[in-house]
Structure formats: structure tokens, C-alpha cells
């Protein structure tokens, strides 16, 4: 699953995750990202399933409500590339 290209520059190592070259990595990804605007991004390559998380924080939602919203982000997770 970790079959990705590595580049060695001086004493550093750079790995590039490119889902087109490695659809197994993409289809098994379980990460969520938070955009600079405060939106939960269940898939790095998609923009149609963002959840405006910071909006709910600013509106004073409780920890319990925020947890539900966060779990909704996890449940919206659908890989861009599927096997």
C-alpha cells in the first residue's frame, strides 16, 4: 500500500503520494484534513463534501454537538480512487 516514489535530496527524503500511481493508498486512506478556512475535508482530492467546522465552534456548539459534526465528517469519507 505504501508503494510511492521517494526522492533523496542531500540528507533529506521526500515522498510523493500520488493516488493515480497508487490507488490502493487512496482507497485505504482514513485521514481527515482541516482546511485553512476551518472546514473538515474528508478527502484531499474532493471539494464536494466539506463540513464548515469552525462555523459551529464560533456559534458556540457544545462538545457533544461538535463531536457529532466531526463524526459526520468521518462518515462522509469516500475515497476518490476506489479499487
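The values are calculated or read from the model by the stated rules, or taken from the named source; none is laboratory data. Please read these numbers as outputs of a predicted model, since none were measured by experiment. Every residue, glycine among them, receives a Cβ derived from its backbone with ideal geometry; neighbour counts consider all protein chains shown.
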Provide a single number: the residues in the stretch 38-69 that are outside any helix (DSSP H, G or I) and surrounded by 12 or more Cβ atoms within 10 Å (Cβ to Cβ).
14
Failed condition for residue 72, given (1) modelled with pLDDT of 80 or more; (2) surrounded by 13 or more Cβ atoms within 10 Å (Cβ to Cβ); (3) in a loop (DSSP other than H, G, I, E, B), with all others met?
(3)
